[in-house]
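Below is one structure, written out as structure tokens; comments come after it.
Read the figures in this text as sums done on the coordinates, not as results from a lab. These numbers come from a predicted model, not from an experiment. Note that each Cβ is placed from the backbone with ideal geometry, even for glycine, and that neighbours are counted across all protein chains shown.
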There are 2 protein chains.
Amino acid sequence: MDEDEVGTVDVPEATVARLPQYLRALSTLAEAGLRTVSSEALADAVGVGSAKLRKDLSHLGSYGTRGVGYDVEQLHRQIADHLGQTTSWNVVIVGIGNLGHALAGYGGFASRGFRVVGLFDDGAHVVGEVVSGLPVRPLDDLPSVLRPGEPTIGVLAVPAEHAQVVCDRLVAAGVTSVLNFAPTVLRVPADVDVRKVDLASELQILAFHAQRRAVRSTAAAPAPTAPAPTATTSVPALQRSRRPALGATGPVLDRVGEVV
Amino acid sequence: MDEDEVGTVDVPEATVARLPQYLRALSTLAEAGLRTVSSEALADAVGVGSAKLRKDLSHLGSYGTRGVGYDVEQLHRQIADHLGQTTSWNVVIVGIGNLGHALAGYGGFASRGFRVVGLFDDGAHVVGEVVSGLPVRPLDDLPSVLRPGEPTIGVLAVPAEHAQVVCDRLVAAGVTSVLNFAPTVLRVPADVDVRKVDLASELQILAFHAQRRAVRSTAAAPAPTAPAPTATTSVPALQRSRRPALGATGPVLDRVGEVV
DNA sequence: TAGATTGTTAATCGATTAACAATC
DNA sequence: TAGATTGTTAATCGATTAACAATC
């Protein structure tokens, strides 16, 4: 560790993913009038351990003051710098369906320095419509909106079937950062960065854990000697689990193709 | 590894997060008429290494056939089982703003076995409105919609300021799985499972990497002996990086409170 | 039997955590 | 100086990966 310039030192991915949370917590603290904060207090506000927080900050070359803590404003600036929050980023949204619509109007983007500068869709019924103050344009207009030299993030909110094609067009137009809401794997050149948000997956993961809790609590029941007692007998739960076991409903088959 | 019953063996978190992707890929393969698939091919479709896939499946106690591969339908059933996809899950959405609206109409939920059974909001202007076929009800109606015995997932799409209060009410009503779209840390009892989706964070993480690429490519430029050449001279890029350096725009401060 | 592909082993890597010496 | 809190070290844990023996 020598140079301290932003972007010089390597920051672990897990740390990067937490930086936005720290930043947000610091904003809240600053608004509350706090000038200084300890790793303990900040970590707490974000719901992580203080050791992890300090480790994370150490990757930024951040300097707190021993015995005192961190200067809230300075640390905020430092993290914002690392996240590129000093620059305003342009965002284009492709696919103005249900979700694209919502994203176009999402206040959380603007407040963190992201400016939605273009909405795109090739559906005849949407093109031309004005959404959140911006006209929906055909995909062909992409190049005219993407100013080379201005960093632009592409948000993909199209159905899975179209995701790859649309992504290709974004890349062709010079976009190198893509946020993909379609449940598909996108193939992109090595210099393009793709992040994926899969809403249904999130529910599926929750369901996995919930089922597990349910099964566990059932499994913990003593093997019934007589015919099993009625429905949901209270059972010695293992760790977590308050819900009764799942009532079996008809099987459900996964389908492809639907999104947004 | 003895018993093979779903929910018995421990499955690593990283694996759980990939199961929905495998499931989806298997659906696609099945639709394409494939009866059998090798770990190589399936892994490929999901964008992971085949070793990782096989390791993941081994946690489920899955049995493929050496020399042959996996039976597409059987593997699909097996994973669906583990994910609790055999049961239909109820979902309630709280906060019918921009995002809640979109989620209520999101086709990707239904197709994966999630049924939206209730929409809630306390805003005078939304209550009573019908969204995607469901009436928006006041939060007080929560208990009447949540059938004890039916596993229900709560989706939080309210502004950050209200997230904790609303979450408390969900928990009080018996919800033990929460998907949180508000950029706040939720405090919940140990038996409640919370997952968070922070849309702005995703952009921030992309911005971090993009900035890094930009800085790197600039840093790789030979120290100019004469006054630096104009603007974006082509520069020996390190690995990735095609974009010019960021044009500095005014600083942007983070704010709290806005969501959805 | 020969070829293919699994399930598992062992090595490696990255992330988390607790503990503490450094230092304000 | 005494108390507080950082930044870092070292131990631990979990996840990834390559390689290969088992076996269809």
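Inter-chain neighbour count for B:80-91: the average number of beta-carbon atoms from partner chains within 10 Å of each residue's beta-carbon is 6. Karplus-derived 3J(HN,Hα) values for the stretch B:74-82, using 6.51 cos²θ - 1.76 cosθ + 1.60 with θ = phi - 60°, are 5, 5, 4, 4, 4, 5, 4, 4, 5 Hz; glycine and proline are entered as x. Take the Cα coordinates of the stretch A:89-197, assign each an equal point scatterer, and use the Debye formula without solvent to give log10 I(q)/I(0) at q = 0.14 Å⁻¹. Computed log10 I(q)/I(0) values: -0.48. Peptide B:11-21 has a mean shielding of 4, counted as Cβ atoms of other protein chains within 10 Å of each residue's Cβ.
Each copy carries a label point for B:GLY133 at 7 Å from Cα toward Cβ; from one copy, the others' points are 3.6 nm away, ordered from shortest.
Counting every pair of alpha carbons in the stretch B:1-155, the share spaced more than 23 Å apart comes to 49 percent. Averaged over the residues of peptide B:93-102, the number of Cβ atoms from other protein chains lying within 10 Å of each residue's Cβ is 4. For the stretch B:135-147, putting each phi into the Karplus relation 6.51 cos²θ - 1.76 cosθ + 1.60 with θ = phi - 60° gives couplings of x, 7, 10, x, 4, 4, 7, 3, x, 6, 8, 7, 7 Hz, in residue order, rounded to whole numbers and with x for Gly and Pro.
Applying Stokes-Einstein at 4 °C and 1.567 mPa s to the Kirkwood radius of the stretch B:13-82, computed over alpha-carbon pairs, gives a translational diffusion coefficient of 111 µm² s⁻¹.
Applying the criteria of a DSSP loop state and at most 11 other Cβ atoms within 10 Å to the chymotrypsin sites (Phe, Trp or Tyr not before Pro) of the stretch A:43-121 yields no site. For B:ASP122, neighbours were defined as the other residues whose beta-carbon sits under 15 Å from its Cβ, and their charges (Lys and Arg +1, Asp and Glu -1) total -4.
Spin-label pair A:ARG54-B:ARG115: with each label point 7 Å from Cα along the Cα-Cβ axis, the two points sit 5.2 nm from one another. Site pair A:ALA32 and B:ARG35 shows an inter-label distance of 6.4 nm when each label is modelled 7 Å from Cα along Cα→Cβ. Couplings for the stretch B:175-183, taken from phi via the Karplus curve 6.51 cos²θ - 1.76 cosθ + 1.60 with θ = phi - 60°, read 6, 10, 10, 10, 10, 10, 9, 7, x Hz in order; Gly and Pro are left as x.
On the rotation that sends chain A to chain B, the chain A Cβ lying closest to the axis gives residue and distance in whole Å as A:ALA102, 2. With its label point defined 7 Å out from Cα along the Cα-to-Cβ axis, A:VAL11 lies at 3.3 nm from the matching points of the other copies, in increasing order. Shortest first, B:GLU40 label-point distances to identical copies amount to 5.7 nm, with the label point at 7 Å from Cα along Cα→Cβ. Between the amide H of B:VAL194 and those of B:VAL178, distances stay under 5 Å, these residues lying 5 or more places away or on another chain, with hydrogens modeled in the peptide plane. Rounded to the nearest 20, the Cβ-based charge dipole of the stretch B:84-179 about its Cα centre (Lys and Arg +1, Asp and Glu -1) stands at 380 debye.
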